[in-house]
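Engineer: After the C-alpha cells below, expect a handful of questions from me.
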Amino acid sequence: MLVQRADLMVLLNYIYEEDPCFEIKTNLSLDGRKDAPLATVELKDSYAQVETIDESTYDELTCKHGDFFPKYSNYLNALVASGVLKIKDIDDIFSKIVNEFKKGLYEGRLRPLYVSFDTNCFINRISYQLEKYAKEKNAKLGALVVAEGVKRELFKEKPGKYKEEELRVIERVDNRFKEFLNQPKVEERIKKISKAEYDRFRSIVRFEEIPSGVGDNEIAEALGDFLRSRNCDVWLMTFDKTMYEISVGFGIYPILLKFPYRKERLKLKTDWDCVCHLIYTTAIIFGFVNVEGIMMYGIWKGKNPDDWNKEMVKLKLNKDTKQLRMDLEVLSKIRKIINF
C-alpha cells in the first residue's frame, strides 16, 4: 500500500507497541549477507535515541559495489535532512532569526527582514527544521525570499534511470532491486526530496520568488537588487563558502552552515518526528529499507511524479501487520475527506 511521509507516525506507534528498540536496515553488500543496519533506534516515551554506523563499517559493506550504492556522504544527507544529525549551532541560528522576526513585529525593527535559502538548505531540509523550531517556540516566521535560480537548480532533472541491463545481475542476488527499474538514481532521488520540500515550504509560509539566473553570483545579485528595491535586510542561509563570500559584496547578511561530516559511530538524542523522517529519507536514498520485517520502498516500478510530490512510499505488509494496515487505511480515508 502507498503511504505519505506524514502518516509514518502510525508505523512508528505500531513498532513501539511491538518492540521500542529496532533497526532500519537495507542491503548494502550484494554478497549474500543479510540486510545491514543503517541505524538502531530506541523509542522512549518523550524522545528517541538513534545510533548510526561509522564510515569504515559503511565502506566495508559497500566497497564491492560502490558505484551502485549511495556514498557515505549521502547517508549523512539522510541523517541531516531528517533532523536526527544537527548542524552545529543550528538552534542558536534559528533563535536569532526568530527573535529578529519578533523584533520586526513588536519592537519597531527599522528595516523589514527577509530570510533566504540556498539550494543545499532545501536538500538538507533546513527550511522544515526552521519551521519546526518556530512552532516549538510558539513563534511565527516572517517574510522569506528565494531566488528562482535556486528553484531551477533543484528542479533541473538529470537524465539517467536504472535500466534493465544495469539491474540484471544484482536482481539475482536480491529481487527487491527489481523495483528500481526506470527509477532515478541516487543523486536525483536526493534532489527529489528537496523539490518536494521546496513545494511544501512554499505552500505554508509567506514566500516570494524573485527572478534570477542560475549560479552563486546571479542568485546573490538578484537578492542584492531585491534588498535595495525593498529597503530591507536579507539574511541568506547557505552551506556554500563561495556563496557566503559573494553575498557579502551585495549587502546580504550570510549565515554559513557547516555540514556535519562525522566519520565515527554516533548516539544521537532526537524525537519521534525525526525518526519518521529518517525512515522516509533512508527509504528514498537507499531505494528500500527493512523496518522490523516491514518492507518500505522509496522507489518502485511505476512511481510517478504525483507520488514524488506527495512524498509517497510503498509498504509491503503481511498478515501479521493487519492492525497496521487498518490504521493506515483509516488515516487515508480521513485525509481524503479533509482534502475533499
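No lab work stands behind these numbers, since they all come straight from the coordinates. None of these values were measured; they are calculated from a predicted model. Note: ideal-geometry Cβ built from the backbone for every residue, glycine included; neighbour counts use all protein chains shown.
Engineer: How much length would be gained if the chain were fully extended between Asn318 and Asp225, taking 0.36 nm per residue of separation minus their Cα-Cα distance, in nm to one decimal?
Structural biologist: Separation in residues times 0.36 nm, less the Cα-Cα distance, equals 27.8 nm.
Engineer: Taking the number of other C-beta atoms within 10 Å as the exposure measure, put Phe122, Phe177, Phe207 in order starting with the fewest.
Structural biologist: By the 10 Å Cβ count, ascending: Phe207, Phe177, Phe122.
Engineer: For Glu153, what charge total do you get from the other residues with a beta carbon under 14 Å from its beta carbon, if Lys and Arg give +1 and Asp and Glu give -1?
Structural biologist: -3
Engineer: Hey, another quick one. Hey, got a sec? Which chymotrypsin sites (Phe, Trp or Tyr not before Pro) in region 5-60 land in a DSSP loop and have at most 15 other Cβ atoms within 10 Å?
Structural biologist: Qualifying residues, ordered by number: Tyr47.
Engineer: Separate question: Identify the trypsin sites (Lys or Arg not before Pro) of region 114-180 meeting these criteria: DSSP loop state and at most 11 other C-beta atoms within 10 Å of the C-beta.
Structural biologist: In loop regions of region 114-180 (DSSP not H, G, I, E or B), the sparsely surrounded trypsin sites (Lys or Arg not before Pro) are Lys156, Lys163.
Engineer: Grab the Cα-Cα distance for Glu171 and Asn217, subtract it from 0.36 nm times how many residues apart they are, and report the gain in nm with one decimal.
Structural biologist: Difference between extended and current length: 12.1 nm.
Engineer: While we're looking at this one, here's another question. Would you please give the residues with an amide H less than 5 Å from that of Met237, counting only those at least 5 places away or on a separate chain, with H modeled from the backbone geometry?
Structural biologist: Those qualifying (amide H under 5 Å, at least 5 residues apart or on another chain) are Ser116, Phe117, Asp118, Ile255.
Engineer: Please report the net charge: other residues with Cβ closer than 14 Å to the Cβ of Pro305, K and R +1, D and E -1.
Structural biologist: Within the 14 Å Cβ shell, the charges total +1.
Engineer: If I model a spin label at Ser46 and Arg33 as a point 7 Å from the Cα along the Cα→Cβ vector, what separation in nanometres do I get?
Structural biologist: About 3.9 nm separates the two model spin labels.
Engineer: Could you tell me the center-to-center distance, by alpha carbons, between region 276-340 and region 137-172 in angstrom?
Structural biologist: 19 Å
Engineer: Is the shape of region 67-161 best called rounded, prolate or oblate, per the rule: a/c under 1.5 gives rounded, else a/b larger than b/c gives prolate, else oblate, with a ≥ b ≥ c the square roots of the Cα gyration tensor eigenvalues?
Structural biologist: oblate
Engineer: When volume of the Cα convex hull per residue in Å³ is calculated directly from the model, which label among [x] 129; [y] 148; [z] 276 fits?
Structural biologist: This structure yields the entry labelled [y].
Engineer: Test of understanding: what is the full-extension gain from Asp19 to Glu188, defined as 0.36 nm times their sequence separation minus their Cα-Cα distance?
Structural biologist: 57.4 nm
Engineer: Determine ³J(HN,Hα), in whole Hz, for all residues of region 16-28 in sequence, where each value follows from phi through the Karplus function 6.51 cos²θ - 1.76 cosθ + 1.60 and θ = phi - 60°; x replaces Gly and Pro.
Structural biologist: Couplings: 4, 5, 7, 6, x, 10, 8, 10, 9, 10, 7, 7, 10 Hz.
Engineer: So for the pair Glu329, Ser95, with labels modelled 7 Å out along Cα→Cβ, what separation do we get in nm?
Structural biologist: Going by the 7 Å Cα→Cβ label model, 4.9 nm.
Engineer: If you keep only loop residues by DSSP, which GluC sites (Glu not before Pro) in region 72-144 have at most 16 other Cβ atoms within 10 Å of their Cβ?
Structural biologist: Answer by residue number: Glu107.
Engineer: Give me a comma-separated list of calculated 3J(HN,Hα) values for region 268-282, in order, Karplus coefficients 6.51, -1.76, 1.60 applied at θ = phi - 60°, integers in Hz, x for any Gly or Pro.
Structural biologist: Karplus values, whole Hz, x for Gly and Pro: 10, 8, 8, 10, 4, 4, 5, 5, 4, 5, 5, 4, 5, 5, 5.
Engineer: Counting Lys and Arg as +1 and Asp and Glu as -1, what is the net charge of the other residues whose Cβ lies under 14 Å from the Cβ of Ser229?
Structural biologist: -1
Engineer: Nearest 10 degrees is fine. How inclined is helix 186-204 to the longest principal axis of the chain, computing both from alpha carbons?
Structural biologist: So the helix axis and the longest Cα principal axis differ by about 50 degrees.
Engineer: Tell me what the chain gives for mean residue ellipticity at 222 nm when only DSSP H runs of n ≥ 4 count, each as -39,500 (n - 2.57), the sum divided by the residue total, rounded to 500 deg cm²/dmol.
Structural biologist: Estimated from H runs of four or more residues: -14500 deg cm²/dmol.
Engineer: Under 1.5 on a/c is rounded, so check that first for region 296-340, then, if it is not, pick prolate when a/b is larger than b/c and oblate when it is not; a ≥ b ≥ c are the square roots of the alpha carbon gyration tensor eigenvalues.
Structural biologist: oblate
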